[in-house]
1. Run lengths n ≥ 4 of DSSP H only: what is the helix-derived mean residue ellipticity at 222 nm for the chain, with -39500 (n - 2.57) per run over all residues, to the nearest 500?
2. Could I have the simple spin-label model distance between V280 and T299, label points 7 Å from Cα toward Cβ, reported in nm to one decimal?
3. For the chain, find the longest principal axis of its Cα atoms and tell me its angle to the long axis of helix 154-163, 0 to 90°, nearest 10.
4. For the chain, set up a GNM with springs between Cα atoms under 10 Å and report which of L140, L209, L332 has the largest fluctuation.
5. In whole Hz and in residue order, list the ³J(HN,Hα) couplings for the range 200-217 that follow from phi through the Karplus curve 6.51 cos²θ - 1.76 cosθ + 1.60, θ = phi - 60°; x for Gly and Pro.
6. Rounded, prolate or oblate, given the Cα gyration tensor of the range 9-111, with a/c below 1.5 counting as rounded?
7. What is the range 112-180 by shape, rounded, prolate or oblate, if you read a ≥ b ≥ c off the alpha carbon gyration tensor as root eigenvalues and call it rounded for a/c under 1.5, prolate for a/b larger than b/c, and oblate otherwise?
8. Mind listing the long-range amide H neighbours of Y99? Cut-off is under 5 Å, sequence gap 5 or more, other chains count too, H placed in the peptide plane at 1.01 Å from N.
Amino acid sequence: MSTYRMLTEQEAVEYARNIPDLFPANAKLTSREIGDGNLNFVFHIQDEISNKSIIFKQALPYARVVGESWPLTLDRARIESEALILQGELCPGFVPQVYHYDIEMALTVMEDLSAYEIMRKGLVARKYYPNFAKHIGTFLARTLFLTSDLALHPYEKKKRVASFSNPELCKITEDLVFTDPYYDAATNSFNPLIREQAEALWHDDAVKLEVAKLKEGFLTRTQALLHGDLHTGSIMATEEGTKVIDPEFAYYGPMGFDIGAVIANLVLNYVAQEGHASDVQERESYQAYLLDTITGIWTTFEAEFRTLWAEKAVEPSAAIPGYVDDYVRRLLQDTLGYAGCKTIRRIVGLAHVWDIESIEDPAVRAHSEKLALAIGRELILKRESISSVEDIADLISDTH
Ligand code: ADP
Ligand code: MG
Ligand code: MG
Ligand code: MG
């Protein structure tokens, strides 16, 4: 029988006190619920004497934004804990350390990253993150390559595919990213000023066909263990450091989905700057920085991925001449296609992003939204003709 119960702030303190070696015996603990996400509770628990602090993340048996009418498996908390632990082993220092987890309580006890800021907020304020491209490119290369058939014995890999089966969370992505934005779904919401563009999308057979193929990849490929929700609200950053949080959508899927998610969220910020930065020069230099970041992510990713391939591949076909080049070429195309899907869903689908929502004037916002839809469409339709990283920045900046 499950012992699950939803914690209050006070109960979280009691629970923390009973975890061995977490806080000193004389600790004076305070607790505050700080979650701003859609699904879960997040408690910040601090010892006022030693100042030591930790984070509790607890899943609810339903989606927090909607309530009990949208039940959602607690197993996502196990998946999140296990993914964080694995990612921490594969790419040390890039995820919060997990101190303790409790499957029955759907609870993860982890490192407090309050010194870091949710990256989306920093990007809206046009902050620069000089190490981000290198960090996230490395994180992606290591977590994706090292969980794939390229690096694991096929028995071990298939065991992991089973253990990270995440059907309910995948279904959310399948619907909200790949299906609903492409017809007049009840879940969609968008600025009334872009209705014409939304309707055009619902009748855009060329895009719908390509999105169907990309969805098929998401449904059927078990290429690597993905984070599964790698938007800039799942990244905490300072000027120096980068941490990836919130892998509750983790499952075995196509690598390009994670890389594309990061790129899409930089594209969304890029279009949002049209409505935020009134100074043209300031806007253009920040947009140029975002394009450099996108280029830098792919360049780092590819270099790290090729190094891992050369040094750590166990799959015999990895040695076949030309295979790595072909693999990387297809990966870039997947990345661009998924980046396009992840861009479009944030404009016409259920969940929007603060980068764009924080543009107050609906007419100004519509300009950014139309640009996002146009770039998303180009990424999806042109992905197979793009073979070099420089072409990505050109595709984005040439779209109007
Ligand atoms: P959800 O799955 O509900 O989106 P998140 O894991 O994204 O939950 O966490 C929600 C918010 O809680 C984050 O945006 C961040 O502000 C805060 N948070 C989450 N994990 C940590 C952490 N380890 N340290 C500090 N703050 C955190
Ligand atoms: Mg989140
Ligand atoms: Mg959040
Ligand atoms: Mg989440």
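1. Numbers: 14 runs with 202 residues, N = 400.
My calculation for the chain gives -16500 deg cm²/dmol from helical runs alone.
2. Label-label distance for V280 and T299, simple model: 2.8 nm.
3. 70
4. Greatest mean-square fluctuation among the candidates belongs to L209.
5. 4, 4, 5, 10, 8, 5, 5, 5, 4, 5, 5, 5, 4, 5, 5, 5, 4, x
6. On the way: a/c = 2.01, a/b = 1.27, b/c = 1.59.
Oblate shape, in that a/c is at least 1.5 and b/c is the bigger or equal ratio.
7. Working: a/c = 2.54, a/b = 1.46, b/c = 1.74.
Oblate shape, in that a/c is at least 1.5 and b/c is the bigger or equal ratio.
8. V109, M110, E111
Read the figures in this text as sums done on the coordinates, not as results from a lab. In this text, all values refer to a predicted model and were calculated from it rather than measured experimentally. Don't worry about glycine lacking a Cβ; one is built from the backbone with ideal geometry, like all the others, and counts go over all protein chains shown.
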